[in-house]
Amino acid sequence: MRMAQWRVFMDDFDREARLLEQLAKIRGNFLLRMRGQLPLLRELLERIRAGDSSALVPLQILAHRIHGSGATFDFAAVSASAGQIDDLLEALIGTPANPAIEPQDWRALMEHGERFALEIGAATVEGTGVYR
């Protein structure tokens, strides 16, 4: 390999390494933001459990956003659990004039919410920067 070819190769290698480093940082920031959203998630779930149907839409918006972002940043389990919440809420919100949530729907929503919280927690291994 000639010297000029070697330089081009090393420049490409360095550029790729920098991009991978930036991506790792963005993924880490995403997880930090998601952990920061857990109190809001739990608050919205509690409000819904208490009969506050006005929390349905904000929770659905939050879940929808996380579903898409999780997929974008290659956190399949986080995305899938948020997607389950999104799908359930989309069906509940679309139900005509039924402000009461059925017990089985509430249980499913709580299960999905807890699964989401667990997936966020499991997505990082504390202190290592390893993502799952």
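The values are calculated or read from the model by the stated rules, or taken from the named source; none is laboratory data. Nothing here was measured: the structure is a model prediction, and the numbers come from that model. FYI the Cβ positions are ideal-geometry reconstructions off the backbone, even for glycines, and counts take in every protein chain you see.
Tabulated data for the structure shown
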| quantity | calculated |
| --- | --- |
| Check on L23, of a type outside the set (D, E) and modelled with pLDDT of 90 or more | no |
| Condition broken by A71, with the remaining ones in (1) loosely packed, with under 14 Cβ neighbours inside 10 Å; (2) without any contact (Cβ under 8 Å) to a residue 40 or more places away in the chain; (3) among the hydrophobic types (A, V, I, L, M, F, W, C) satisfied | (1) |
| Whichever residue in region 106-117 is touching a residue at least 24 places away in the same chain (Cβ under 8 Å) and not small (G, A, S) and, among such residues, is nearest to L32 (Cα to Cα) | F116 |
| Residues located in region 30-54, provided they are without any contact (Cβ under 8 Å) to a residue 40 or more places away in the chain, hydroxyl-bearing (S, T, Y) and surrounded by 12 or more Cβ atoms within 10 Å (Cβ to Cβ) | none |
| The lone exception for R27 - which of (1) out of contact with any strand residue (DSSP E or B) (no Cβ under 8 Å at 6 or more places or on another chain); (2) surrounded by 15 or more Cβ atoms within 10 Å (Cβ to Cβ); (3) among the charged types (D, E, K, R) it fails | (1) |
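Listed here are the residues, each with its yes/no results for (1) assigned to a helix (DSSP H, G or I); (2) aromatic (F, W, Y); (3) over 16 Å from F116 (Cα atoms); (4) within 13 Å of the chain's Cα centre (by Cα).
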position	(1), (2), (3), (4)
I26	yes, no, yes, no
F30	yes, yes, no, yes
M34	yes, no, no, yes
Q37	yes, no, no, yes
L44	yes, no, no, no
A55	yes, no, yes, no
G70	yes, no, no, yes
A77	yes, no, no, yes
